[in-house]
Amino acid sequence: MADKIKDAKIIFVVGGPGSGKGTQCEKVVAKYGYTHLSSGDLLRAEVASGSERGKQLQAIMQKGELVPLDTVLDMIKDAMIAKADVSKGFLIDGYPREVKQGEEFEKKIGAPALLLYVDAKSETMVKRLMKRGETSGRADDNEETIKKRLDLYYKATEPVITFYEGRGIVRKVHYATLGSDL
Ligand SMILES: Nc1nc2c(ncn2[C@@H]2O[C@H](COP(=O)(O)OP(=O)(O)OP(=O)(O)O)[C@@H](O)[C@H]2O)c(=O)[nH]1
Ligand SMILES: Nc1ccn([C@H]2C[C@H](O)[C@@H](COP(=O)(O)OP(=O)(O)O)O2)c(=O)n1
Ligand SMILES: [Mg+2]
């Protein structure tokens, strides 16, 4: 089964919480027709299913922590296999969150062709998430959890960008490039 995705084109999309990863992925999908897989969305779908595993995931995400590596990786892999026949390539949004996640992905699935780094200032991210929290219904869009997610991003996820910069595959997108208002 995994053979189906062995040669798939893979783009990692990395950035802080609320940096606009999902928003940028929608633009790439509209322009290039890639398949967008948000690891956070896959996890939230499991929570919404009401399964026992979903309940455990919910508790972890509400605290702003990372769920076990194998759980996310298996979900991404299954989602990729399900779309393999119709997909030109995959945008893996919100993954890897730590260097180890990237290494495991490469062992089990394959190497990324590109890492899209969505950059935003921490004040901007906090402001957007507080605003989004008014309507998103996300258990982690509250002041306390946002702070934890940001801390974890700087501690665990920024090193991922440095790691892939070493391979020369990082492309940065930020609000100035986008002509955005924030
Ligand atoms: N003003 C402005 N708002 C933006 C921009 N990009 C995203 N947003 C808003 O910021 C919020 C977060 O954007 P998302 O695309 O959900 O960000 P994300 O990185 O996927 O966030 P997580 O799902 O928390 O990982 C949303 O409410 C977006 O509408 C931008 O360029 N300018
Ligand atoms: N690879 C991943 C992706 C998401 N998670 C968990 C932890 C994250 O705070 C939540 C939500 O992820 P999502 O990418 O939607 O949101 P943020 O980037 O945190 O704003 O899911 C994880 O543990 N491991
Ligand atoms: Mg998102």
With the crude spin-label approximation of a point 7 Å out along Cα→Cβ, what separation in nm comes out for Gln62 versus Lys88? 4.2
Backbone HN-Hα couplings from phi across the range 95-103 [Karplus 6.51/-1.76/1.60, Hz, Gly and Pro as x]: 8, x, 8, 8, 4, 4, 4, x, 5
Write down, largest first, the equivalent ellipsoid semi-axes of the range 42-182 in whole Å, where each equals the square root of 5 times an eigenvalue of the alpha-carbon gyration tensor. 23, 22, 15
For the range 72-163, what's the relative contact order in percent, using C-alpha pairs closer than 8 Å and at least 6 residues apart? 38
Just how much of Val118 is accessible, in Å², when a 1.4 Å probe is used and the result is rounded to the nearest 10? 10
Which lysines does Lys83 reach when only Cα atoms under 23 Å apart count, and residues fewer than 8 places away in its own chain are ignored? Lys4, Lys6, Lys9, Lys21, Lys27, Lys31, Lys107, Lys108
The range 2-174 - share of DSSP beta bridges that are antiparallel (%, nearest 5): 5
Taking a crude spin-label model, label points 7 Å out from Cα along the C-beta direction, the Glu103 to Arg138 distance in nm is 2.8
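The values are calculated or read from the model by the stated rules, or taken from the named source; none is laboratory data. Since we're looking at a predicted model, the values are computed, not measured. Here the Cβ is made from the backbone with ideal geometry for all residues, glycine too, and neighbour counts use every protein chain on show. Each accessible area value is taken on the protein alone, full model and side chains, heavy atoms only, with ligands, DNA and RNA left out. Shrake-Rupley method; radii C 1.70, N 1.55, O 1.52, S 1.80 Å.
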